[in-house]
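The structure under discussion appears below in the form of structure tokens.
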Amino acid sequence: MASNITPAEAQQLSKDQQAAQNDENLLAELEVGGAKPIVPPHLLARLHQHDSPDITQEAINNKLAEAEERRKKLEEERVHKARENVNHAKEVSERNKQDQDQNRDESLERLREKQENAERARQEQERARLAKLEGHSAKVAAFQKEESLARDNEIKEIKEKLNQAEARRKALEEEKLQKLEEHLQKVKQVRTADTESQYEQHKLDLDQKMKAVEQRRLDLENALKEKIQARQLLADQVRQRQQEQGASVVESNAEA
């Protein structure tokens, strides 16, 4: 048992023995001269505590055993407390981990929802853009179709006017030929019936009439050409304006 005494317990035991020796020396000094010393009650109580016979080896062993028992108990309490602290730390760590996992799952869920919402919004924007492009393409196709029909109608109208002008020219040619034939007939009649001066006068009149007819034909052709050119210029201006409007619509849709 003596081998199990710790240095701290041995030091404490030495201190107790030293205190007892000091109390005995103090009592001996107070009893010098044969007079009963006046001792304060608390010192007297301490002195009576050491009136017992000397401490035996068995008492020392018992005290050491009690001290060892107390040490073991304290050690067990420390171990128990350490285990409790470890268990508590594990529980706290587990709760923190659960909270972190829950927070992470919630964050992932929110992130997934945001990504899904962003994807839906992107798809909606893409569908709206495609619908807008389809509408614009339909408008451009309709515009091109109308422009093509207008151009075809314009060409058809110009051809009709050219045909009409050609028909009038032919009519004028026929009229001129007819009048020429009539003139030749009159010339023959004049040559047989009239004098030379009358023939010249008829010839001059006929030339003037022929010139007037030719001038009228030229005037009609020039007037028709001017009208056709004016219509062509107007059609070109309308076509250019429509193309500019179509280009501005395309640019605005592309910017949107």
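My understanding is that a pair violates if its Cα-Cα distance is over 20 Å; which of LYS161/LYS225; LYS159/LYS179; LYS139/LYS159; LYS156/LYS227 do that in this structure? Where the Cα-Cα span goes over 20 Å, the pairs concerned are LYS159/LYS179; LYS139/LYS159.
The gain in end-to-end length when the ARG169 to GLN240 segment is fully stretched comes to 22.2 nm, 0.36 nm per residue minus the alpha carbon separation.
Taking one quarter of the surface of the convex hull spanned by the alpha-carbon atoms of the stretch 81-230 gives a direction-averaged projected area of 13.4 nm².
FYI, it's all coordinate maths here, none of it is from the lab. Computed from a predicted structure; not experimentally measured.
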